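Scroll down for the structure; my scribbles are underneath it.
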């Protein structure tokens with residue numbers, strides 16, 4: 001049993017008998033004394049993909065769902081489907097682009113560290129690793145003497161993702177990107 005105050009992005013809980021993944025948690029602390037902290041949580045139904053927004057109190061409980069977490073590797077894209085391979089038994093799972101909303105830009109062939117969420121050997125979704133390494137394919141030229149400033153510029157990565165990077169970063173450099181925030185972390 002998980003409390004609303006313990007919910008984090010990527011957790012899977014059961015709502016009305018259906019597994020839902022936590023997509024976003026927004027904490028609202030009212031300024032008046034004695035008022036309860038509210039948690040605005042966006043869930044995604046893992047079977048239908050529907051979004052569910054809930055306002056919860058910190059002591060609201062959720063039942064943990066019976067799901068298996070398996071380590072998988074991203075193999076390849078087959079038309080509109082993305083194929084993942086189980087690292088233990090080499091079985092393959094496919095997900096559509098809609099199932100991977102907001103995660104496709106971080107996938108590169110051979111990417112490991114992905115966790116597949118399985119119910120009855122059927123894949124419902126994936127959890128990406130905390131960060132991924134990607135190549136910059138296009139960015140404005142580096143500016144001399146800009147290493148001390150905190151200014152940024154837009155860089156387009158191999159997967160099509162655009163991130164803000166420091167001005168001293170150049171095209172063809174390899175960088176590490178946070179998969180939760182979509183922000184530049186460091187050179188890889």
Rg/Rg_globular for the range 68-129, with Rg_globular taken as 2.2 N^0.38 Å and Rg from C-alpha atoms: 0.97
Spin-label pair residue 119/residue 47, simplified geometry with 7 Å Cα→Cβ offset, distance in nm: 0.6 nm
Go ahead and set up a Gaussian network model of the chain, Cα springs under 10 Å, then flag whichever of 30, 19, 141 fluctuates most. 30
All-pairs alpha carbon distance profile, the range 1-112, 5 Å steps from 0, percent: 2, 11, 17, 18, 16, 13, 10, 6, 3, 2, 1, 0
The range 2-64, convex hull of Cα, quarter of hull surface, nm² -> 4.0 nm²
The range 132-187: spread of alpha-carbon positions along the three principal axes, whole Å, largest first, is 29, 19, 15
What is the Cα centroid distance between the range 101-136 and the range 1-78, reported in whole angstrom? 19 Å
Identified option (computed log10 I(q)/I(0) by the Debye sum over Cα atoms at q = 0.11 Å⁻¹; candidates (1) -0.43; (2) -0.62; (3) -0.55): (2)
Can you pull the three principal axis extents for the Cα set of the range 101-173, in Å, largest first? 57, 20, 19
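Throughout, read-outs are computed from the coordinates displayed, never taken from laboratory work. From a predicted model like this one, the values you see are computed outputs, not experimental measurements. All Cβ positions, glycine included, derive from the backbone under ideal geometry; neighbour counts span all protein chains shown.
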